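Asks: This structure is in C-alpha cells; I'll ask about it shortly.
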Amino acid sequence: MSLQTAPRVERAPVALDLGRGPGPGTATGAGPGARRGRRRLLAAALGTAATLAVGWALAPHLVTLDSPEVALDPTAGLFVDGYGDTGTYALHYRYGQEVELTVPLSNASAVPWRVTDVELVEPTYPLLEPVGGTVEPVTLAPYGDGEVSLVFEYANCRYYHERANNSYEQVRVSGTVLGRETSVLVDLAVPLVVHSQVILNCPERTLVRGDDVRS
C-alpha cells in the first residue's frame, strides 16, 4: 500500500502597506471639500452673531424721530408767521390755568421704539409747569406713528419781568430700543413761546424785585 502526498498549494504573499491611506471609494470621514464647507458655515454663523451684537449695541443710537409739530387748542395761542425760520406759536399766558399739548411721534428708523416719556426742554422755574407726571408708554413700530399728550399749568410768572419769555424749541424723548434705554432730543417743527405778564396779571409777583430772584 503506497501513501500519496497531497499537492502543495502555493499562496501569494500578503503585502502590508502601512504608509498609504485608504484606496479610492473607501469611506473614512469628510474630505477636504466637506471640511471647507463646515468652516464656511461656522464663519457665516460667527459673522451673523457679530452683526446682531453690533446692531444691539448701536440700537439706541440708530433711532430717530421726525420733527413734530405740536397740536393745541385753537384758543390756546396764536401762530406768528415770520417769527423765526418756520414761524412760532405764541401761547396765551393765563395764570393758574392748564393747557394741553399733543406731540405727534413719527419713528424714522427701522427698529421698534417703546417711548416712556416725552418732555419739553425747559429752564428752571418754567412758565409752563408740567402737570401729571410721566406719559403713558407708546410703542412705535418701525417707521410707525403715535402721539402723546402733555398737560402744563401756567406758573412761575413771579420770576420774570414783563419783557421776558420762555422759548421751547425741543422735546426730549426717552424709552427703550431692543431692551436698551435711550433718550434723544428732537427739534420742534414749529417752536413755542410763552411771554411773561405785567404785574397786574401775575398774582405771585410783589413790588420788590429782590423777592423773586431765580436762584
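Asks: Assign one of three labels to the stretch 65-195, namely rounded, prolate or oblate, based on the Cα gyration tensor with a ≥ b ≥ c the square roots of its eigenvalues; rounded applies when a/c is under 1.5, prolate when it is not and a/b is larger than b/c, and oblate otherwise.
Replies: Since a/c reaches 1.5 and a/b is larger than b/c, the shape of the stretch 65-195 is classed as prolate.
Asks: Tabulate in residue order the Karplus-calculated ³J(HN,Hα) for the stretch 133-138, using 6.51 cos²θ - 1.76 cosθ + 1.60 with θ = phi - 60°, rounded to whole Hz; enter x for Gly and Pro.
Replies: With coefficients 6.51, -1.76 and 1.60, one gets x, 6, 8, 5, x, 10 Hz.
Asks: Of the accessible area of the stretch 65-195, with the probe set at 1.4 angstrom, what percent is carbon plus sulfur?
Replies: Roughly 46 percent of what the probe reaches on the stretch 65-195 is carbon or sulfur.
Asks: Take peptides 96-104, 131-139, 168-176 and line them up by average Cβ neighbours within 10 Å, highest first, as a rough protection proxy.
Replies: In descending order of packing, they fall as 168-176, 96-104, 131-139.
Asks: Report the label-to-label distance for Leu72 and Ala141 in nanometres (one decimal), using points 7 Å from each Cα along the Cα→Cβ vector.
Replies: My value for the distance between the label points is 3.3 nm.
Asks: Once the other residues with Cβ under 12 Å from the Cβ of Gly87 are scored (Lys, Arg +1; Asp, Glu -1), what is the net sum?
Replies: Residues near Gly87 contribute -3 overall.
Asks: What FRET efficiency, computed as 1/(1 + (r/R0)^6) with R0 = 41 Å and r the Cβ-Cβ distance, is obtained for Ser174 and Asp81, rounded to the nearest 0.05?
Replies: 0.80
Asks: Under a 1.4 Å probe, what is the accessible area of the stretch 65-195 per residue, stated in Å²?
Replies: Here the per-residue accessible area is 51 Å².
Asks: Using the Cβ atoms and a cut-off under 12 Å, what net charge is assigned to the surroundings of Thr102, where Lys and Arg are +1 and Asp and Glu are -1?
Replies: Overall, the nearby charge balance is -4.
Asks: What is the gain in length, in nm to one decimal, between Ala110 and Ser183 on full extension, counting 0.36 nm per residue of separation less the C-alpha to C-alpha distance?
Replies: Length difference between fully extended and current span is 24.6 nm.
Asks: Along the stretch 68-85, what does the Karplus equation 6.51 cos²θ - 1.76 cosθ + 1.60 (θ = phi - 60°) give for ³J(HN,Hα), rounded to whole Hz, x for Gly and Pro?
Replies: Values per residue, Gly and Pro as x: x, 10, 5, 9, 9, 5, x, 8, 6, x, 9, 7, 10, 6, x, 8, x, 5 Hz.
Asks: Let me ask something else. Give me the net charge of Glu181's neighbourhood, meaning all other residues with Cβ under 14 Å from the Cβ of Glu181; Lys, Arg count +1, Asp, Glu -1.
Replies: +2
Asks: Using the Cα centre of the stretch 62-215 as the reference point, and only Cβ charges (+1 on K/R, -1 on D/E), how large is the resulting charge dipole? Debye, rounded to the nearest 20.
Replies: For this selection, approximately 380 debye.
Asks: Name the residues whose placed amide hydrogens come within less than 5 Å of the amide hydrogen of Val111, ignoring near sequence neighbours (fewer than 5 apart) on the same chain.
Replies: Here the answer is Tyr143, since their amide H atoms fall under 5 Å of that of Val111.
The values are calculated or read from the model by the stated rules, or taken from the named source; none is laboratory data. Owing to the predicted nature of the structure, the values given are computational and were not obtained by experimental measurement. Note that we place each Cβ from the backbone using ideal geometry, even for glycine, and neighbour counts take in every protein chain shown. Keep in mind that these areas ignore ligands, DNA and RNA; they rest on the heavy atoms of the full protein, side chains included. Shrake-Rupley method; radii C 1.70, N 1.55, O 1.52, S 1.80 Å.
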